[in-house]
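To start, the structure under review is shown below, and the notes come after it.
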Amino acid sequence: MKNVIYLLLIILFSLSLSACSVYYEKIEDPIKPEISVPSIDETSPDSGIISVIEEEDDQTIAVHYPIIGQSKIDDALKSFALNRIELFRQETADLKLTQEESLPFELHLDYEVVFKSDRHISLLFKENKYLGGAQPTSTIYTFNYNLEQGRQLALKDLFKGSSAYLEILSKYIFAKLVDDNALNVTLDTDWVTKGTNPLESNFKHFLFTNGGIIIIFEKYQIGPAFIGEPKIIIPFETFTAHIELKETIDDILPTTEDETTNSVEIITETSPTEMVIETTEPSTSSVSESVDNQETIALKRVALTFEDGPDPDYTPLILDTLKSRNQVATFFVQGIRAKEYPSLIQRINSEGHLIGNHTWSHPQLTHLSPEDMLQQLQKTQSVLEKITGRAPFLYRPSYGIYNENVISTNNMPAILWSVDPKDLKYKDASYITNYVLDHVTDGAIILLHDTNAYTTQALSSILDALIAEGYEIVTVDELLGITENTAKYNVRIFSQAIESH
Ligand code: ZN
């Protein structure tokens, strides 16, 4: 059966050669959008994550913000995130990269849901910005909302009366830091006094946690740089012994459950073992297939890689297209999005595609300390392992930006690409299709994004043309001959398939 198909393909291919111009004209026709209404999967449509990823020669942007499902809050968070982008654009507009600062400017903003109940939510945003010079700057932002009213809460909104809460906070935290040595560092008393004076501005970063609030201090607020941005938890009893609360906080008071119940956990219904069995299937069958067909044709091979997803609108359509042609691809996913859409990760995995690590939230890894870099990779590893039962053994650094440090710190093969149609820049399905087909070679790794309509539209013509041209479409590990077991011997950069091993 397979042989018949290949024969047909060869005939089709030779026919298409003789009518090559016609063929390409056809591709350049406006491709009818195959996209209908995005299928609403089990992901609740009123919550999710928005990621803005942009790459230009001199600057990169990766900004993430959540959709909570409360329109007032969603609007506020969206405008916060867009304002950060706008400010960055203004700041970089007049800047020119100097020779030494050859890396692009960067805006990176991600967030964590630190507390969530039916009535309250606390979000911590971290911004890293690089505008040249030695170091990126980092800034934290905290947001606390009453979900029922869509109202943002300042610390003073929690308590009745005037500023008594500030006195309580100030005393409690000073005692913790100085008398109890809570950070295990001897701190300068004057410095701590200044940073914990009973002023609203000293306690502007707060978050709910089970039974109390977390105060986060800025760098240098209470001590030297090496203590970072210290966090102190203050139980609500500390306040309620002295003042009345204005905000009802039954949902935040301690319960019998431990703290971890409030960190938004991923629950996967499918058992990991089941998923693993499904994934191994396609690779086994493709091995026997190539043996069977050895006499027919020496196959050219290509790997399609999709990055920056999963995306609830486009990833399912990409998967549908791949499935309809019985083809596989590699998905380099962001951990922060995988956590939000575990069912998409399950689907990618169960349909035989390869999942790679594309960092947690798409920072330029070269701007991070080794600890932060490892966290970007490892948080993603563990989220993916929770969902699929196994952690990826390949990664792709964000924007393909790396240095020696990145390679040695992350103990995995780093997969770049050899064909880049710049599908995020050229928002045109036929351009993307033609670029890929004009540049594809045996062993090529194609860079695509499963986060936009144009790539989604282009995929069927890309697949059909590659198949017609005799390409075998494989996952990137198969293309490069790397397996889970041999990955640790291949800790280096792969940008082309055809390299000496
Ligand atoms: Zn990316």
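The values are calculated or read from the model by the stated rules, or taken from the named source; none is laboratory data. Values in this document were obtained by computation on a predicted structure and should not be read as measured data. Positions of Cβ are generated from backbone atoms using ideal geometry, with glycine treated the same way; all protein chains shown enter the neighbour counts. Only protein heavy atoms, including side chains, enter the accessible area calculation; ligands, DNA and RNA are left aside. Shrake-Rupley method; radii C 1.70, N 1.55, O 1.52, S 1.80 Å.
Flag set for Thr455, criterion: within 13 Å of the ligand (Cβ to nearest atom), part of a helix (DSSP H, G or I) and not assigned by TED's automatic domain parsing to the domain that holds Val52. Of the residues making up the stretch 408-424, those that are open to solvent by 10 Å² or more (accessible area, probe 1.4 Å) and either touching a Cys at 6+ places or on another chain (Cβ under 6 Å) or touching a residue at least 24 places away in the same chain (Cβ under 8 Å) (or both) number 9. Check the stretch 430-446 and report whether any residue there is within 27 Å of Pro104 (Cα to Cα), in contact (Cβ under 8 Å) with a residue 12 or more places away in the chain and under 18 Å from the mean Cα position of the chain (by Cα). Checked the stretch 430-446: no residue is within 27 Å of Pro104 (Cα to Cα), in contact (Cβ under 8 Å) with a residue 12 or more places away in the chain and under 18 Å from the mean Cα position of the chain (by Cα).
What residue, of Ile415, Ile407, Ile401, is more than 24 Å from Lys126 (Cβ to Cβ) and at pLDDT below 95? Of Ile415, Ile407, Ile401, the one residue that is more than 24 Å from Lys126 (Cβ to Cβ) and at pLDDT below 95 is Ile407. Within the stretch 299-339, the set of residues being more than 16 Å from the ligand (Cβ to nearest atom), outside any loop (DSSP other than H, G, I, E, B) and surrounded by fewer than 24 Cβ atoms within 10 Å (Cβ to Cβ) comprises Lys300, Arg301, Pro316, Leu317, Leu319, Asp320, Thr321, Leu322, Lys323, Ser324, Lys339. Of the residues making up the stretch 375-405, those that are more than 16 Å from the ligand (Cβ to nearest atom) and either part of a loop (DSSP other than H, G, I, E, B) or on the phi > 0 side of the Ramachandran plot (or both) are Gly389, Arg390, Ala391, Phe393, Asn403.
Yes/no matrix, rows are residues, columns are (1) of a type in the set (Val, Ile, Thr); (2) open to solvent by less than 50 Å² (accessible area, probe 1.4 Å):
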position	(1), (2)
Asp188	no, no
Val192	yes, yes
Gly195	no, yes
Pro198	no, yes
Leu207	no, yes
Ile243	yes, yes
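Beta carbons closer than 9 Å, at least 6 apart along the sequence or on distinct chains, pair a first residue in the stretch 317-336 that is of a type in the set (Gly, Ala, Ser) with a second that is within 16 Å of the ligand (Cβ to nearest atom) and in a loop (DSSP other than H, G, I, E, B) for Ala329/Asp450; Gly335/His358; Gly335/Thr359; Gly335/Trp360; Gly335/Ser361. Inspection of the stretch 212-224 finds no residue satisfying the criterion of being under 21 Å from Thr137 (Cα atoms), small (Gly, Ala, Ser), open to solvent by 30 Å² or more (accessible area, probe 1.4 Å) and modelled with pLDDT of 90 or more.
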